[in-house]
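Please read the structure below before turning to the comments.
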There are 2 protein chains.
Amino acid sequence: MAVEIMDKIVSLCKRRGFIFQSSEIYGGINACYDYGPLGVELKRNVKEQWWRAMVVENEDIVGLDAAILMHPRVWEASGHVAGFTDPLVDCRQCKQRFRQDEIDPKKWEKRQCPACGNANVLTDARQFNLMFKTHMGPVEEDATVVYLRPETAQGIYVNYKNVMDSSRKKIPFGIAQIGKAFRNEITPGNFIFRTREFEQMEMQYFVKPGTDEEVWREWKDRRMAWYKRIGIHPEKLRFRQHGPDELAHYAKAAMDVEYEYPIGWKELEGIHNRTDFDLSRHQQFSGKDLSYFDDATRERFIPYIIETSAGCDRTVLTCLIDAYEEQKLENDTRTVLHFDPKLAPVKAAVFPLVNRDGMPELARKIMDDLRGEFIAFYDDSGAVGRRYRRQDEAGTPFCVTVDSQTLQDETVTVRDRDSMNQDRVAIRGLVPELRKRIWGK
Amino acid sequence: MAVEIMDKIVSLCKRRGFIFQSSEIYGGINACYDYGPLGVELKRNVKEQWWRAMVVENEDIVGLDAAILMHPRVWEASGHVAGFTDPLVDCRQCKQRFRQDEIDPKKWEKRQCPACGNANVLTDARQFNLMFKTHMGPVEEDATVVYLRPETAQGIYVNYKNVMDSSRKKIPFGIAQIGKAFRNEITPGNFIFRTREFEQMEMQYFVKPGTDEEVWREWKDRRMAWYKRIGIHPEKLRFRQHGPDELAHYAKAAMDVEYEYPIGWKELEGIHNRTDFDLSRHQQFSGKDLSYFDDATRERFIPYIIETSAGCDRTVLTCLIDAYEEQKLENDTRTVLHFDPKLAPVKAAVFPLVNRDGMPELARKIMDDLRGEFIAFYDDSGAVGRRYRRQDEAGTPFCVTVDSQTLQDETVTVRDRDSMNQDRVAIRGLVPELRKRIWGK
């Protein structure tokens, strides 16, 4: 059942142009995906909602967009060169490769391969670094080794002084960033849930030590509220606090926002109290003073950092799964994506009921008005019922139909995706009406 | 003079938080830059304007966001593995490295080093591939070699069938994409003009052979118009058509949009007629049929491609340079960035004239209204004149001041950055008024 729904979503994503396997005509490349015409709009809308909630609406948070390629010392300071590894095990028999920590402990005890089933065939575990490595500069031998960043957070830490000085921010304040990161995962999978190339939406909030616990509690609630605000079903969301044995060495507290995927409850976002670990390490490795002087209290300290770290692709997947419904109607079944209108890739479709009597011309005119505002789709082929179904499956919240009454009173029908109700709306009030239904203003 | 202006812009960019050297606390990493709080907003606005002009307003263009990591065969088909090289020359004396094609021909004849000046010291030219290379999969020896894409275009070509089938587009239609690309340039430079990590804004338009020349002419004019639409001075823009000797092997025609930078006229965007080269190559290398069947004329053909390829970072640099002015006033000089309000990172600043008499409370209330719409900045420190100057330098188009008259009639002054005129506007009409001044609606 769970697998079945994932398969249906993967198939819908390809068929309707949300997400394609990368380089598919060449047989694909493992765990990399391309966003098609609908997917790119959905992803843009998710990012826009995040940026709005984090940067635009908050005076105490500013944005940043750091490069993917950074100085290699950054990853020594962060601990990634030494410790960002997975334990890798080979089967001498069938040549398959596994993460040791994902092998059933009983099988591991017998060195029994999870794939071919033989005992005494697994090698010892070797530590494998998950960072992609490349060389910058003209000749490989003597060029600098650089890494594709495995997380966006470090780009924020190394810029914190520059950002603070240039934007006249005082602690507490936050820096938000959306950007790509890369991990050479041994076992990626579950479609875009875990990929080797992915996009993060991270905010690092710099606070005075002692206020960190309260700020952490506040941010975990604010981040949970955001998922509800973009329309995710509340009953599919929960918190899961990490126990002391699970905490990363730099973390004082960690809370996951989890979503109930078809594959079970999984992390959607992590809210972490990272203490002064990151800035202390960068101070030590760079030799630059990264402390903060508080004018009011005349105190000097290394700020603590509260991090909210979300996966953008994972949020897109969550929106798709959460919006997906195969709805039984009286004489029919429809597949519908109940996206929040703010997130919907196409905001409205425009149909002439029939392709005559001046209806196409009027529909085209309406289409021109809408395209100045948002993405709209024109469809004049097939029965209107079929056109509605096509838009339901794409998650389009509103369908505007020009019919014979339009020719008389200059009104159109606006059909709501979820209720399937139709209202008549005057053409000249259509844009403000749709704007209101989409953005609430 | 030219260098002086570039230096001033680089310095302003750092001081005000537009652009920082990447990993600066570690001494920086060559030719990589980070966008700070103002820079990230400027870049977001540039991208938003491009997406709007290309995708939102055009029914015949859809978006795409392909992964940076692609199947390595893509780069064999595209010709990059064999031919995306620069000729590299070493000086045996001073150990510096050059692009042979950038050495003065007379010096090259004498093998005379452009740096140390010695003759007979330069090696023969070796071909150096500009693609960054990495390995995907758990062990370097047997993992797949993959490249960081050196251009975004190929992501569009390999997805063209998937996009067309899923979005029900017919030729002619276009696919637009914004994304990062990487080139291991031997001689990057001029700030963000040429960097090793950069962002492209590309649109590939698929047409029937025979219509390609007309479509190419149309797109070169539309792209030129876009730069004017985002406020670039028309007299600083020109076309430059490539001569037959300059054309890439796949191109039938190429036109650059050039801008007059402090370092001279340079390419800002290229509009190329790429013929059927790309799809033919991918058809050949993938073994997949990439031809198109035209239902109306019953013809089958490989589409020709008209490409519009712009650098996003370069456009940001152009906006900064083009907006920059040191303006002599009667008793003063001000540095001002005359951004089009649509592009300005901060749309409005809010000032209480003095920090008493209820002015801060009112200003705060206005600030809350504005932050629901766009990025606004609150400033209550120093004389109002100084606060204006700070916003001029950040390119903020409007400053809203709460003064003693506000307390009586609920109006504020709105000061225009360019004219420095002040109008009184009623607080309750402020948001619509600013919205109109920024977006014209």
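So the values come out like this:
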| item | result |
| --- | --- |
| Surface accessible to a 1.4 Å probe, A:C113 within the full protein complex, Å² | 0 |
| Isolated Cys residues of chain B, judged by Cβ distance under 4.7 Å to other cysteines | B:C13, B:C32, B:C312, B:C319, B:C399 |
| Mean Cα-pair separation over length for segment B:346-439, i.e. relative contact order, pairs under 8 Å, 6 or more apart, % | 29 |
| Accessible area that becomes buried as B packs against A, both chains, 1.4 Å probe, Å², nearest 100 | 7600 |
| Portion, in percent, of the accessible area of segment A:346-439 that falls on carbon or sulfur, probe 1.4 Å | 47 |
| Cβ-based net charge around A:T335, under 15 Å, with every Lys or Arg adding one and every Asp or Glu removing one | +2 |
| Cα gyration tensor category, rounded, prolate or oblate, for segment B:346-439 with a/c compared to 1.5 | rounded |
| Dipole moment magnitude, nearest 20 debye, segment A:346-439 about Cα centre, only Lys, Arg, Asp, Glu C-beta charged | 200 |
| Rounded, prolate or oblate (a/c below 1.5 giving rounded, otherwise prolate when a/b exceeds b/c) for segment B:191-266 by Cα gyration tensor | prolate |
| Shape category assigned to the protein assembly as shown from the gyration tensor of Cα positions, a/c cut at 1.5 | rounded |
| Simple spin-label estimate for A:K106 and B:E76 in nanometres, 7 Å along Cα-Cβ | 4.6 |
| Listed residues B:R194, B:R274 arranged by accessible area, highest first, probe 1.4 Å | B:R194, B:R274 |
| Accessible area of A:H71 in the full protein assembly, 1.4 Å probe (Å², nearest 10) | 40 |
| Using a 7 Å Cα-to-Cβ projection, A:K252 label spacings across copies, nm, ascending | 6.6 |
| Listed residues B:R428, B:R240, B:R356, most fluctuating in chain B (Gaussian network, C-alpha, under 10 Å) | B:R356 |
| Cα→Cβ-extended label distance, 7 Å offset, between A:S381 and B:D332, nm | 6.2 |
| Efficiency of FRET from Cβ geometry, A:D423 and B:R126, R₀ 45 Å, rounded to 0.05 | 0.05 |
| Per-copy distances of the A:R428 label point, shortest first, in nm (7 angstrom along Cα→Cβ) | 2.5 |
| Drop in accessible area of at least 20 Å² in the complex versus isolated chain, residues of segment A:150-167, 1.4 Å probe | A:V158, A:N159, A:N162, A:S166, A:S167 |
| For B:R99, inter-copy label distances in nm, listed shortest first [label point 7 Å out on the Cα-Cβ vector] | 4.2 |
| Point-to-point label distance, B:I263-B:Q405, nm (Cα→Cβ direction, 7 Å offset) | 4.8 |
| Solvent exposure of segment B:213-370 as accessible area per residue, Å², 1.4 Å probe | 44 |
| Listed residues B:H249, A:V146, A:P432: farthest to the positive end of the dipole of the protein assembly as shown (Cβ charges) | A:V146 |
| Selection of GluC sites (Glu not before Pro), segment A:288-330, meeting DSSP coil and at most 14 other Cβ within 10 Å | A:E330 |
| Net charge over other residues, Cβ less than 12 angstrom from the Cβ of B:D289 (K, R count +1; D, E count -1) | +3 |
| Rel. contact order, % - alpha carbon contacts under 8 angstrom, at least six apart, chain B | 13 |
| Segment A:13-88: relative contact order as a whole-number percent, Cα under 8 Å and 6+ apart | 18 |
| Dipole magnitude of segment A:156-263 about its Cα centre (Cβ charges: Lys, Arg +1; Asp, Glu -1), debye to nearest 20 | 420 |
| Choice from B:N190, B:N118, B:N331 with maximal GNM fluctuation in chain B (Cα, 10 Å cutoff) | B:N331 |
| FRET efficiency estimate (nearest 0.05) - Cβ-Cβ, B:V145 to B:E433, R0 41 angstrom | 0.10 |
| Relative packing of A:127-133, A:292-298, A:417-423, which averages over residues the other C-beta atoms within 10 Å, highest first | A:127-133, A:417-423, A:292-298 |
| Listing of segment B:53-68 residues, each with accessible area lower by at least 50 Å² in the full protein assembly than in the chain alone (probe 1.4 Å) | B:V56, B:E59, B:D65, B:A67, B:I68 |
| Solvent-accessible surface (1.4 angstrom probe) belonging to B:H249, in square angstrom, nearest 10 | 150 |
| Chain B Cβ-axis minimum, rotational copy A, residue and distance in Å | B:T134, 2 |
| Segment B:59-103: trypsin sites (Lys or Arg not before Pro) falling in loop per DSSP and having at most 14 other Cβ within 10 Å | B:R92, B:K95 |
| Förster radius 30 Å - calculated FRET efficiency between A:A251 and A:K441, Cβ distance, rounded to 0.05 | 0.15 |
| Positive-end extreme of charge dipole, segment A:346-439 - chosen from A:Q391, A:T411, A:L370 (charges on Cβ) | A:Q391 |
| For segment B:370-390 and segment A:148-209, distance of Cα centres in Å | 28 |
| Most mobile of A:I192, A:I366, A:I25 in a GNM of chain A (Cα contacts under 10 Å) | A:I25 |
| Charge tally in the Cβ shell below 12 Å around A:P432, where Lys, Arg are +1 and Asp, Glu are -1, A:P432 excluded | +3 |
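The values are calculated or read from the model by the stated rules, or taken from the named source; none is laboratory data. All values reported here derive from a predicted model rather than from experimental measurement. Neighbour counts run over all protein chains shown; Cβ positions are idealised from the backbone, glycine included. Accessible surface areas use protein heavy atoms only, side chains included; no ligands, DNA or RNA. Shrake-Rupley method; radii C 1.70, N 1.55, O 1.52, S 1.80 Å.
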